[in-house]
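Right, one structure below, let's go through it.
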Amino acid sequence: PERKELEVVAINPVITDTKGVEKDREGCLSFPGLYQDIRRHKTVTVQYYGLDGKLHQMVCSDLAARIWQHEIDHLHGTLFIDKMGPLARQSSKKFLETYIAEFEEGLKK
């Protein structure tokens, strides 16, 4: 909150360049409590329009790059569970089955 100059409002963000790959632990508020190693690009270049209507560009690495990729995936209807490899998918199977059952039960209420 003290660093307002670091806040970004990104309209229609797109990743225009990537470098490197790394695998790291990732989660999502859509699946509270589920964390798996996900392969993402280490560095990304993102272009987006700001509230000023101008095109902006940002190059970021590590956690910031992971966040951009994760959030842009959401804009395209992709969840982090869609990015899981076979082992992560298998080890998450029970969690997801329980999550779906609880969701369906909630719909009935």
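Some notes on this structure:
- Matching residues, segment 28-37, being touching a helix residue (DSSP H, G or I) at 6+ places or on another chain (Cβ under 8 Å) and either open to solvent by 70 Å² or more (accessible area, probe 1.4 Å) or part of a strand (DSSP E or B) (or both): Gln36, Asp37
- Among (1) at pLDDT below 95; (2) closer than 18 Å to Leu6 by Cβ; (3) not charged (D, E, K, R), the one test that Val59 misses: (1)
- Of the listed requirements (1) open to solvent by 90 Å² or more (accessible area, probe 1.4 Å); (2) on the phi > 0 side of the Ramachandran plot; (3) under 13 Å from the mean Cα position of the chain (by Cα), Leu63 misses just one: (2).
- Of the residues Arg40, Arg25, the single one that is of a type in the set (Lys, Arg), open to solvent by 100 Å² or more (accessible area, probe 1.4 Å) and in a strand (DSSP E or B) is Arg25.
- Of the residues making up segment 46-60, just one is in a strand (DSSP E or B), open to solvent by less than 50 Å² (accessible area, probe 1.4 Å) and farther than 15 Å from Asp73 by Cα, namely Cys60.
- Among residues of segment 1-14 that are under 18 Å from Tyr49 (Cα atoms), those with a Cβ under 8 angstrom from a residue that is part of a helix (DSSP H, G or I) and open to solvent by less than 100 Å² (accessible area, probe 1.4 Å), sequence gap 6+ or separate chain, pair up as Pro13/Trp68; Pro13/Glu71; Pro13/Ile72; Val14/Ile72.
- Look at (1) surrounded by 14 or more Cβ atoms within 10 Å (Cβ to Cβ); (2) over 14 Å from the mean Cα position of the chain (by Cα); (3) assigned to a helix (DSSP H, G or I); (4) without any contact (Cβ under 8 Å) to a residue 40 or more places away in the chain and you find that Asp73 fails only one, number (2).
- Residues being in a helix (DSSP H, G or I) and open to solvent by 100 Å² or more (accessible area, probe 1.4 Å) - total across segment 76-92: 4
- Listed by first and then second residue, the pairs with beta-carbon distance under 9 Å, at least 6 apart or on different chains, first residue in segment 85-97 and without any contact (Cβ under 8 Å) to a residue 60 or more places away in the chain, second among the aromatic types (Phe, Trp, Tyr), are Ser92/Phe31.
- In segment 29-49, the residues that are under 17 Å from Ile100 (Cβ atoms) and in contact (Cβ under 8 Å) with a residue 60 or more places away in the chain form Cβ pairs under 9 Å with partners that are among the polar types (S, T, N, Q) and buried (at least 16 other Cβ atoms within 10 Å of the Cβ), at six or more places apart or across chains, as follows: Phe31/Ser92; Leu34/Ser92.
The values are calculated or read from the model by the stated rules, or taken from the named source; none is laboratory data. On a predicted model such as this, the values are computed, not experimentally measured, just so you know. So basically every Cβ, Gly included, is an ideal-geometry build from the backbone, and we count neighbours across all protein chains shown. Just the protein is used for accessible areas: all its heavy atoms, side chains included, with ligands, DNA and RNA removed. Shrake-Rupley method; radii C 1.70, N 1.55, O 1.52, S 1.80 Å.
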